[in-house]
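The values are calculated or read from the model by the stated rules, or taken from the named source; none is laboratory data. Keep in mind that this is a model prediction, so the values were computed, not measured. We place every Cβ from the backbone using ideal geometry, glycine too, and count neighbours over all the protein chains shown. With ligands, DNA and RNA removed, areas are computed over all heavy atoms of the protein, side chains included. Shrake-Rupley method; radii C 1.70, N 1.55, O 1.52, S 1.80 Å.
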Amino acid sequence: MRAVLFDGKRAEVVDDLEVRQPGPGEVLVAVAAAGLCHSDLSVVDGTIPFPVPVVLGHEGAGVVEAVGAGVAHVVPGDHVALSTLANCGACADCDRGRPTMCRQAIGRPGQPFLRDGSPVYQFASNSAFAERTVVKAVQAVRIPRELPLVSAALIGCGVLTGVGAVLNRARVDRGDTVVVIGTGGIGLNVIQGARIAGALRIVAVDSNPAKEEMARRFGATDFLTSVEGVRDLLPTGADHAFECVGRVELIRAAVDLLDRHGQAVLLGVPPAAAEASFRVSDLYLDKSILGCRYGSARPQRDIALYAELYRAGRLLLDELVTRTYPVEDFAKAAADAEEGRVARAVLTFSA
């Protein structure tokens, strides 16, 4: 079967990958569509260290093909969105409703694939850039059939992370002011999360002025090409600032832009060894710097919620899909994503 494989030097489309059948508590999914997230590209450029060879992709949707013993919440033929959280469901963090902190789900990559008889790693417990993938049952969330799979593919990372950071981690409230630094796929979902939460003013910041139209479509009330102008709009600062780029100078800017009791939420992924600075005295004004893993999501709950918000016309999904590419055009999709020509590129699989 076809898949996008990274061997440590280059990412390419191969057609000789094999995937095993699902074991107990697992699901085999025929992937219909998968979003190309910068996290996938960060594996290729080394920003995110990962063992190789590995099948990329972690934001997908498809149709259940087979289930292993003990799986009852989905059956073959169900449409599902895939999450990256292979959480155990039994540890203290899972029991507290914090599956993103499950220690069984972090740093334990599986190898459900074979190529030329040799095992191949799975990225983010998912590997959606393959015609078929095996995931833990908890990662497959049933979605309504009327939700287009191309759009549904984006729920599993970009929407869970961006909207979840607003609703679950920052808990933005009605009337709050929000600054969003970076309006790529994650940033746009932060913007619409803030809109859904009832934020009064949502200031989007991106160095590319061509992104203004899309940012406003998702809910931005203002658009700037530099953080330097934020204080002109919000003289006392923002209640919440979300850094969605992954640059240390922008992390510092996010902290500096906060009002008293404000929160800076870090969503961008800088190099693993990167360090950021801030004025310690700022924190004595009750400011906070918050990390946020995967939108502090509870996927079985949140994906179902976002599907309903989509059906109600409150959550934009179709609009996130700038362009679709057959999986064979992965290189073109990656180049467009790197150059900022797309909000989200989506790879599709067809027979």
Being touching an Asp or Glu at 6+ places or on another chain (Cβ under 8 Å) and either open to solvent by less than 10 Å² (accessible area, probe 1.4 Å) or assigned to a helix (DSSP H, G or I) (or both) narrows it down to one residue among VAL342, VAL255, VAL346; which is it?
VAL255
Any residue in the range 301-308 that is outside any helix (DSSP H, G or I) and surrounded by 16 or more Cβ atoms within 10 Å (Cβ to Cβ)?
no
Given the criteria buried (at least 24 other Cβ atoms within 10 Å of the Cβ) and either within 26 Å of PRO299 (Cα to Cα) or touching an Asp or Glu at 6+ places or on another chain (Cβ under 8 Å) (or both), does ILE181 qualify?
yes
Please count how many residues of the range 180-229 are at positive phi and either among the charged types (D, E, K, R) or in contact with a strand residue (DSSP E or B) (Cβ under 6 Å, 6 or more places away or on another chain) (or both).
1
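Could you count how many residues in the range 144-156 are open to solvent by 10 Å² or more (accessible area, probe 1.4 Å) and touching a His at 6+ places or on another chain (Cβ under 9 Å)?
Residues meeting the conditions: 3.
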By residue number, the members of the range 184-209 that are modelled with pLDDT of 95 or more and touching a Cys at 6+ places or on another chain (Cβ under 8 Å) are GLY187, VAL190
Go through the range 55-86 and give me each residue that's in contact (Cβ under 8 Å) with a residue 24 or more places away in the chain, assigned to a loop (DSSP other than H, G, I, E, B) and small (Gly, Ala, Ser).
GLY57, GLY68, ALA69, GLY70, SER83, ALA86
Filtered residue count, the range 105-119, keeping only those that are buried (at least 24 other Cβ atoms within 10 Å of the Cβ) and in a strand (DSSP E or B)
1
Looking at the range 271-288 only, could you name the residues that are farther than 19 Å from GLU228 by Cα and surrounded by fewer than 19 Cβ atoms within 10 Å (Cβ to Cβ)?
PRO271, ALA272, ALA273, ALA274, GLU275, VAL280, SER281, LEU283, TYR284, LEU285, ASP286, SER288
Looking at the range 87-98, which of the residues that are assigned to a loop (DSSP other than H, G, I, E, B) and open to solvent by 60 Å² or more (accessible area, probe 1.4 Å) is farthest from ALA30 (Cα to Cα)?
ARG96
